[in-house]
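Below: one structure, written as structure tokens.
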Amino acid sequence: MNTLTEYLWFETKKQRELVRLTPQVAAVVHKSGIQEGMVLVSAMHITAGVFVNDNEAGLFEDIWQWLEKVAPSNPHYRHHQTGEDNGDAHLKSLLVHHQVVVPISQGKLDLGPWQEIFYAEFDGCRKKRVVLKVMGQ
């Protein structure tokens, strides 16, 4: 089995933002030369997540509203007693999860027709990274 590890670094301009990662992940898969395998895409921060879904603005609004309903921004989280103010970001990360595994077939991401890979930032405006681990043959 062969592997390739790469890191994507970026800084969101907003506190909460979605970043489409599909082109960057596809480029790393191509660079790896792996024809059959998988790629792990993992946010390396506890206030962010990675998911696969449709690239559609209305859906994004629905996702943000759902996350805000389940884990609302408010000053009453126990986590805030530590001096932090991002308790909701930690909970939103749990809901989205921090990583996905995407299959690679014939040297390309094997996503469904509408699927894209996204990084979800819940406590941004600072430098963050995602690790890509391509594995296979």
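The values are calculated or read from the model by the stated rules, or taken from the named source; none is laboratory data. The structure displayed is predicted, hence computed values, not measured ones. For neighbour counting, all protein chains shown are included, and Cβ atoms are generated from backbone atoms with ideal geometry for every residue, glycine included. Keep in mind that these areas ignore ligands, DNA and RNA; they rest on the heavy atoms of the full protein, side chains included. Shrake-Rupley method; radii C 1.70, N 1.55, O 1.52, S 1.80 Å.
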Against the longest alpha carbon principal axis of the chain, how many degrees, from 0 to 90 and to the nearest 10, is the axis of helix 87-96 turned? 30
Order Met1, Met135 by their accessible area, 1.4 angstrom probe, all chains in place, largest first. Met1, Met135
Given contacts defined as C-alpha pairs under 8 Å and at least six residues apart, what's the relative contact order of the stretch 48-137, whole-number percent? 47
If one takes the longest principal axis of the Cα atoms in the chain, at what angle in degrees, from 0 to 90 and to the nearest 10, does the Cα axis of helix 22-32 lie? 40
Which sequence of Asp54, Asp88, Asp110 reflects their accessible areas, 1.4 Å probe, from the largest down? Asp110, Asp54, Asp88
Quick one: 3J(HN,Hα) in Hz for the stretch 102-113, Karplus 6.51/-1.76/1.60 with θ = phi - 60°, rounded, Gly and Pro as x. 10, x, 10, 10, 6, x, 10, 4, 9, 9, x, x
Quick one: check the C-alpha center-to-center distance for the stretch 72-104 versus the stretch 1-33, whole angstrom. 21
Roughly speaking, to the nearest percent, how much of the chain's 1.4 Å accessible area is carbon and sulfur? 53
Report ³J(HN,Hα) in whole Hz for each residue of the stretch 44-54, in order, from the Karplus equation J = 6.51 cos²θ - 1.76 cosθ + 1.60 where θ = phi - 60°; Gly and Pro get x. 9, 9, 7, 10, 9, x, 10, 8, 10, 6, 6
To the nearest Å², the heavy-atom accessible area per residue of the chain with 1.4 Å probe amounts to 58
Normalised by the number of residues in the stretch 1-101, what is the relative contact order in percent for Cα pairs under 8 Å and 6+ residues apart? 36
Loop sites only, by DSSP: take the trypsin sites (Lys or Arg not before Pro) in the chain that have at most 14 other C-beta atoms within 10 Å and name the longest stretch containing none of them. 15-125
